[in-house]
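Working notes for the structure below.
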Amino acid sequence: MTTRSISSSGLYRAIQSRRNRGLGGLYIVVVAFLLLYVWLFPGIVSIGGFSKFTQNWFPLALVTMAQALLMLNGGITLSVGPLVSLGAVIAATSMGGFAGTWGGIAAVAAIGLGIGAITGIIVAHLRLPAIIVTLAGSFIITGIALLILPRPGGFIPGWFSDLLAGNTPVAFCLLLVAIAGWKLFMATPAGLGMYAAGENPVGAFRSGVSVERVKVAAFAISGLLAALAGLFVAAQTGSGDPLIGNPFTLNSIAAAVLGGVGFLGGKGTMRGAICGSLLLSVMINVMFFLGFPPVAQYVAQGLIIVGAVAIPELTAQRRKK
Amino acid sequence: MNPVSTAVRGLFRSPPLLTFLLVALVWLVASLTLRGFGAYGHLRYLLELSAVIGIVAAGQTLVIIMGGIDLSVGAIITVTAILLPLISPAADPSGIVGIALALAIATGIGLLNGAGAAYLRVPPIIMTLAMATFLQGLLVMVAGGSAVSVTNASVIWLGQARPLGIPAGVILWIVVAISVLLILHRTPMGSRFLALGANPVAARLSGISITRNTLVLYALSGFFSGVAGILILGMNRQGYVGIGDPYLLTSIAAVVLGGTSILGGRGTYAGTIPGAILLVTTTALITIVNASPGWRSIMFGSLILALLLISGREARR
Amino acid sequence: MISSMPLLEARGISKGFFGNPVLKGISISLQPGRVHALLGENGAGKSTLINLLSGALQPDGGEIAVDGKAVSRFNPGAARAAGVAVVQQELSLASELSIAENVGLGAYPRRFGLVDYKALAEQVKTVCDMVGLTEALDTPVGDLSLGRRQMVEIAKALFLKPRVLILDEPTSSLSAHEAGILSALILKLRDQGIALLYISHRLNEVRALCSHVTVLKDGVVTADQPLAGVDAEGLVKLMVGRDPGDLFPTWEAVLPGEERISVTGLSAGMVRDIDFSARAGEIVGIGGLVGQGQEDFLLGLYGALPGSVKTARLCERDGLFSDVGAANAAGLAYVPADRKKEGLVLPHSIATNLLMPSLGKLTKNGFRDRGAEKNTVLQLASRLMIKGDTGRPVQALSGGNQQKVALAKWLPLDPSVLLLNDPTRGVDIETKREIYLMLRGFAAEGKLVILLSSDTPELVHLCDRVLVFRDGRTVAALQRAEITEEAIVGAAMGLTSREAA
Amino acid sequence: AANCVKGDRKAPFTIGWANIYSVPTWMKQTEGTITAEVEELKKTGQVKDLMITDAQGNAQTQIQHIQSMIDANVDAIVVIAGSSNALDRVIADACDKGIAIVNFDSLVNTDKVTAKINTDSSQWGATAAKWMVDQLGGKGKIIIMNGPAGISVSDDRRKGAQPVLDANPGLQVITETNTDYNVAPAQEAMTSLLFANPEIDGVLSLGGALSAGSVMAFDRQGREQVPTTGENARQFLELWKEKGLKGWATMQPNWLGAFSVYTAVQALEGKDVKPKITVPLPVIDDSNVDSYLARADKFPADGYIYSDYDKALFDKLLAQ
Ligand SMILES: Nc1ncnc2c1ncn2[C@@H]1O[C@H](COP(=O)(O)OP(=O)(O)OP(=O)(O)O)[C@@H](O)[C@H]1O
Ligand SMILES: Nc1ncnc2c1ncn2[C@@H]1O[C@H](COP(=O)(O)OP(=O)(O)OP(=O)(O)O)[C@@H](O)[C@H]1O
Ligand SMILES: [Mg+2]
Ligand SMILES: [Mg+2]
């Protein structure tokens, strides 16, 4: 029988390090790809190279967080992509006009939070399946984006674009901030309650967690993250585009599942999901530098994704035997 | 409690029936208010379109019931529609051989999905997504990614013929529907799918093989996607890259609108059938309305949400 | 006894599900410093009453009163505020969270709005020590055995420093040792002036701990009286309304038949290098502290856990089974301990669950044979006294009745080897008797029964021999005459050690 | 010298082809002209390597690809933009690095490119609408079929048609649709519209496979064909002949790809290249549709029958 070896002050750290369990395989795969990338393109270790690389990864990382958050709470969203578009469109139409840069940021954040919360209320209080509510939501949000900006355009102040997506690793720092925010959230009673409610809603309810409120909060935060990803995309591209976010929906789900987040709620970790998104992103660059033609890109992408899940799984099984 | 009110209550607690009623209601209101909507020809056409979604969603329903999901249905449809003209041997005037070959390929792809999920333990969503990407690559390679017009007699018949005034595609759908309903509710296999979807651990400890049933299921999903691919090919006379894309999300939406739980273990194809018709009808309605694309998109989303409010309540805790 | 002000009361409370009344005007009052027993057959409504007393369900009629004052909306929050804590029969834990995070859920100590992990660790450590949980506090609950999870559940209730503590069958998955710790704890809490409500189907526990009893039958209270002077038989009589017979059947040892199972060097999961053989007509008991590899041993034999052997002969087949289907085909059946997670498909109907293993057999032309299925279900339901409509989802059944379904579903396959993992967990006394009779009947028919049990008297009174596990190995093999509670517990604790046979 | 091109870039050059999506047939054919052109230029020793990327329809991925091309220091980037604005900044970055950028078909907003090559989308819409006015004598009910909403090209074509429609109020637009540039969705949408509208005098289809879908819808519902505009999609041209309808089409030539590569190399070699090159839109009508169909066999069934091209044509376009 194990004895209690953890001193009480180390509890948080001990819990955190346990949570890396099962992610070893994914970590190895991701690090291997990063090393391969550095070897293929040494310029990545410069400030500029690193900045550009992380800028391209950043929005995917954010939407993956938005998605994983909901999946951990036992939900899913098909409207992250359109929310990214809407965030970009609002940024591009408001910053140049009435609101100014800061007003634009506030508008994007407010809309993201608001739409997320409304979705959450519909899902939690009307007890409708999240997947189909967010599917319907994706059409509505796309429609709104198209009404605001029927074709790509709008304006983002140059200095703002340079600040977020220039030759400095600001995006990476923002990602660190987002991750720190997540860590903080997960150290609050609400964060842990969200996790518990994801896996065992009845148990969490009986333990005094207000399951509905937690779900609405999860949707709201998720909406905020997606809209902020849109804000960044607008800065990165210097404009808004009512369709630009669409591919993010499936990619965010793929990244989260790749990172070990399960569909049934309460299973998986945010760090895994972020690693999954990093793998999806670095894979594109590595394949480019390896000179893969499009056919090989498609085939290799399929194989890498399957392999990244299957190989750790198979080796773990072999070890067990 | 009197028997009539019990019956009415039972009816409202059955999602498939409720969805059917919704479809009937939407059709009635639309045909009274919109010119041309209720014409027999139009309804027949809507059914024909629904048949394609319904057949794709047949496999999707089974997979979702078992707790999985198949994101490769669109790609399998495209592959079937593009490969079929290429592999139909000229020596066979009936075209049956070509169809059989195409279905074998589609089933094989599904089987690969199942093998990945069962043996490599790759989550189905990842496995089928990767398979879709993989198939895209294959399409870029095969025939330069472009289609050949179909000359296969059976396929053309399937897409164009109307025995007794009913489109052949709809008849095919009826056959598929009956088979799937039988599989799901009248064979041991169907009960096993449901059990695996609701609690794989308990099912396995009761002697139900996860591996074998996963293989069978994804193979079935591949097969039905192949059937749908052939039907679309017949209706369009020509396949092209991307022809299957619209059917991925719609097949999932039809399943969920029909009351099947996305988490598995609960649901029936009887709900998916009206779910498919409902989706097609909604799309057709929105097409007729004269509004900007933004408003149309908003209307479509709101309509789905509204229909969901009527039919899709989840049980209270 | 001087009755003081009750801390928590139910006054004429009623509750039904979908129009079927379960509780009809029940009153119960919990006094400080008293352990109050709540008894009743499976499905009598005990858990439902507790859900009402803890705010998890809202009553259809009647009221809940705290300190003599009726509370209008009594939800889990209100219950907690009133100092009511519950150890649920159905575990309420999140398996990915650690022990500490589960214990504190809903009542975390905070610092700057964040969970204060330091304080949490200290407070959790205190309650874990009280219940004898020695695992590291950062262990994910999913890694623990059912029994240990039950202890976490108890720690979670204690964490709230309750004034009223309600325990719903807390010992049903505990070993004798763990149950002993819990008993001592309960008495200590009682002496501190806490009001306790205790539900159990183990009547000797009830008699040892409780001083007052309320009995539920058919939705009404049939007895509400002090326990003093009532013996075990009297208790049973209160519950079932007639004189009980003996709990355990008497039986004659028959000559064991041919060898059904014979393995050497079996390793699987945490089981190491076990030699074991058993014959038709035997009931072989498996005992020991919880989590010593007993379950892995059964799973290894069943082909559900990959393992290795030197030699194996199972039901006339060589080698271990590669999968469960093959084991079933050869005549093995397994009843898991965690019926919710491993035994049943909760949202599906009772009938579907009963038919699950035998689906392939009850067919006509490849289709399911509705008539045969219906007959089978009817037979099983009547044989195990599963009452009511078999079309209901099995999750609507009370815990004990769920257990019956998990066992009954195997009978149509007529297995020749039954691997049973705590088959009477949470089963009421009448049904227990029924199951015991059935098990001896199986042995008499020439079946082999391997019975893993945390209820030591079962091992003593039912088994032809008993193996005791410790740390993945067998540390004792007791023959019929040697089987006593002391011998089993002693071997389990490592006090005596005998070579395994 | 040409825009962007800087530094001592010497032949043979490395060219990056940043495709937005390689799977649609128009793209496949276009890529065919690019690789063919590169083979030619390899023979003359002007080009060393062609790097192809496929962003799978994701503008965000395309940004990443172009960034990688900058990192790999290619000499030229040929690009079809996945979004008319999204690539502006990364393309400006590439331009600042002295890489020759040639953008064709779907254009970016920024002017920091070596050359933008395209037909005039606005003129596309205007000419089609004029033809429709002529066909119907300025009076009648028409349906407009657009490409997907939110895409610049489909918006530009539609906007181009508007002044003509305004000038001819006799032409009544009953309704409009937006679908992907594919046969099946276009056919579906048109079929629903046919039931809702017993009177339709013309279909102003603004591109791709939309026209073929429309004609097939009329045919399957047994409605008489009406004047229909479109593009050089083989399927549409064949249906036009087969059903004997009144048709008009123009062409977005696939060889814009080959021409872009050619232009990039010219710029790298120090030639002056105009920043905006407009390729004239041809008109396909009853007088010359047969000459297109005569070559149909050389093109995929769901492909586009583009006109012949050669170096002389390219030089002429560059010199205009
Ligand atoms: N898709 C899966 N996901 C997770 N675990 C799985 C999956 N499939 C099988 N397993 C695990 O693999 C082991 C064997 O599974 P299972 O019993 O289904 O295989 P099987 O019955 O041997 O299959 P077959 O009869 O086709 O050989 C078990 O540990 C089970 O938990
Ligand atoms: N959620 C529910 N839906 C429908 N019926 C229910 C539900 N919960 C309990 N019941 C029914 O209420 C009755 C009482 O169940 P309860 O769980 O309270 O019994 P119990 O006395 O705790 O039994 P056990 O000793 O087996 O735990 C049973 O008949 C059960 O089927
Ligand atoms: Mg109970
Ligand atoms: Mg096997």
(message) Yes or no: the range C:25-46 includes at least one residue that is within 16 Å of ligand 2 (Cβ to nearest atom), hydroxyl-bearing (Ser, Thr, Tyr) and open to solvent by less than 50 Å² (accessible area, probe 1.4 Å).
(response) no
(request) Filter the range C:154-172 for residues that are away from chain A (no Cβ under 14 Å), within 16 Å of ligand 3 (Cβ to nearest atom) and open to solvent by less than 10 Å² (accessible area, probe 1.4 Å) and give the result. (result) C:Leu167, C:Pro170, C:Thr171
(message) If I filter the range B:138-169 down to residues being within 14 Å of chain A (Cβ to nearest Cβ) and crowded, with 22+ Cβ neighbours inside 10 Å, which single residue comes out as modelled with the lowest pLDDT?
(response) B:Gly145
(message) For the range C:315-329: of the residues being part of a loop (DSSP other than H, G, I, E, B) and open to solvent by 30 Å² or more (accessible area, probe 1.4 Å), which is farthest from ligand 2 (Cβ to nearest atom)?
(response) C:Glu316
(request) Run down B:Gly267, B:Gly226 and say which single residue is over 19 Å from B:Gly110 (Cβ atoms) and either modelled with pLDDT of 85 or more or in contact with a Phe, Trp or Tyr (Cβ under 6 Å, 6 or more places away or on another chain) (or both). (result) B:Gly267
(request) Tell me which of these C:Thr134 doesn't satisfy, since it passes every other one: (1) in contact with a helix residue (DSSP H, G or I) (Cβ under 7 Å, 6 or more places away or on another chain); (2) at the interface with another protein chain (Cβ under 7 Å from one of its Cβ atoms). (result) (1)
(request) Could you name every one of the helices (runs of 4 or more DSSP H) located completely within the range A:149-254 that has at least 1 residues being on the phi < 0 side of the Ramachandran plot, of a type outside the set (Phe, Trp, Tyr) and away from chain C (no Cβ under 14 Å)? (result) A:158-165, A:170-186, A:211-237
(message) Restricting to the range B:268-291, give me the number of residues that are in contact with a Pro (Cβ under 9 Å, 6 or more places away or on another chain) and either within 14 Å of chain D (Cβ to nearest Cβ) or within 15 Å of A:Ala136 (Cα to Cα) (or both).
(response) 1
(message) Please count how many residues of the range A:285-321 are at the interface with another protein chain (Cβ under 8 Å from one of its Cβ atoms), out of contact with any Gly (no Cβ under 9 Å at 6 or more places or on another chain), surrounded by fewer than 20 Cβ atoms within 10 Å (Cβ to Cβ) and part of a helix (DSSP H, G or I).
(response) 5
(message) Please go through the range D:66-99 and give me each residue that is more than 8 Å from chain A (Cβ to nearest Cβ), buried (at least 21 other Cβ atoms within 10 Å of the Cβ) and in a loop (DSSP other than H, G, I, E, B), ordered by number.
(response) D:Val74, D:Asp75, D:Ile80, D:Ala81, D:Gly82, D:Ile99
(message) Just to check your reading of the model, which residue among B:Tyr247, B:Tyr218 is at pLDDT below 95 and assigned to a helix (DSSP H, G or I)?
(response) B:Tyr247
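A quick yes/no check of all residues on (1) open to solvent by 10 Å² or more (accessible area, probe 1.4 Å); (2) over 20 Å from A:Pro152 (Cα atoms):
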| position | (1), (2) |
| --- | --- |
| A:Gly87 | no, no |
| A:Ala92 | no, no |
| A:Phe98 | yes, no |
| A:Trp102 | yes, yes |
| A:Ala106 | yes, yes |
| A:Gly114 | yes, yes |
| A:Thr119 | yes, yes |
| A:Ile122 | yes, yes |
(request) State all residues of the range B:180-211 that are under 30 Å from B:Leu231 (Cβ atoms), without any contact (Cβ under 8 Å) to a residue 40 or more places away in the chain and assigned to a helix (DSSP H, G or I); if no residue qualifies, say none. (result) B:Leu182, B:Arg186, B:Pro188, B:Met189, B:Gly190, B:Ser191, B:Arg192
(message) Considering only residues that are small (Gly, Ala, Ser) and within 14 Å of ligand 1 (Cβ to nearest atom), which ones fall in the range C:316-342?
(response) C:Gly319, C:Ser322, C:Gly325, C:Ala326, C:Ala327, C:Ala329, C:Ala330
(message) Restricting to the range C:330-356, count the residues that are in a helix (DSSP H, G or I), more than 8 Å from chain B (Cβ to nearest Cβ) and more than 16 Å from ligand 2 (Cβ to nearest atom).
(response) 1
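A quick yes/no check of all residues on (1) more than 21 Å from B:Leu194 (Cβ to Cβ); (2) in contact with a Phe, Trp or Tyr (Cβ under 6 Å, 6 or more places away or on another chain); (3) in the same structural domain as C:Gly287 (by TED's automatic domain parsing); (4) within 16 Å of ligand 4 (Cβ to nearest atom):
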site: C:Gly307; (1), (2), (3), (4): yes, no, yes, yes
site: C:Ala327; (1), (2), (3), (4): yes, yes, yes, yes
site: C:Leu359; (1), (2), (3), (4): no, no, no, no
site: C:Phe367; (1), (2), (3), (4): no, no, no, no
site: C:Ala372; (1), (2), (3), (4): no, no, no, no
site: C:Arg383; (1), (2), (3), (4): yes, no, no, no
site: C:Lys387; (1), (2), (3), (4): yes, no, no, no
(message) I'm trying to understand the selection: among the residues of the range C:291-314, which are away from ligand 1 (no atom under 16 Å from the Cβ) and open to solvent by 50 Å² or more (accessible area, probe 1.4 Å)?
(response) C:Lys310, C:Thr311, C:Arg313
(request) Determine which member of the set D:Gly244, D:Gly270, D:Gly202, D:Gly222 is touching a residue at least 12 places away in the same chain (Cβ under 8 Å), surrounded by fewer than 17 Cβ atoms within 10 Å (Cβ to Cβ) and more than 30 Å from D:Phe104 (Cα to Cα). (result) D:Gly244
(request) With respect to D:Gln235, determine if the residue is within 14 Å of another protein chain (Cβ to nearest Cβ) and touching a strand residue (DSSP E or B) at 6+ places or on another chain (Cβ under 9 Å). (result) yes
(message) Name the residue that is most open to solvent (accessible area, probe 1.4 Å), counting only residues in the range C:64-115 that are polar (S, T, N, Q) and at the interface with chain A (Cβ under 7 Å from one of its Cβ atoms).
(response) C:Ser95
(request) Return the pairs, sorted by first residue and then second, in which the second residue is among the aromatic types (Phe, Trp, Tyr), the first residue lies in the range C:16-45 and is assigned by TED's automatic domain parsing to the domain that holds C:Val206, the beta carbons are less than 9 Å apart, and the residues are 6+ apart or on different chains. (result) C:Val35/C:Tyr198; C:His36/C:Tyr198; C:Ala37/C:Tyr198; C:Leu38/C:Tyr198
(message) Within the range D:5-15, does at least one residue satisfy the condition of being away from chain A (no Cβ under 13 Å), over 24 Å from B:Ile82 (Cα atoms) and part of a helix (DSSP H, G or I)?
(response) no
(request) Can you work out which of the residues in the range C:381-413 that are away from chain B (no Cβ under 14 Å) and more than 16 Å from ligand 2 (Cβ to nearest atom) is surrounded by the fewest Cβ atoms within 10 Å (Cβ to Cβ)? (result) C:Ser382
(message) Take D:Ala128 and tell me if it is away from every other protein chain (no Cβ under 12 Å), closer than 17 Å to D:Trp248 by Cβ and touching a helix residue (DSSP H, G or I) at 6+ places or on another chain (Cβ under 6 Å).
(response) no
(message) Going residue by residue through the range A:275-284, is there one that turns out to be assigned to a helix (DSSP H, G or I), facing another protein chain (nearest Cβ under 7 Å) and open to solvent by 20 Å² or more (accessible area, probe 1.4 Å)?
(response) yes
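The values are calculated or read from the model by the stated rules, or taken from the named source; none is laboratory data. Owing to the predicted nature of the structure, the values given are computational and were not obtained by experimental measurement. Using ideal geometry, Cβ is built from the backbone for each residue, glycine included, and neighbour counts are taken over all protein chains shown. In case anyone asks, the SASA skips ligands and DNA or RNA and just uses the protein heavy atoms, side chains included. Shrake-Rupley method; radii C 1.70, N 1.55, O 1.52, S 1.80 Å.
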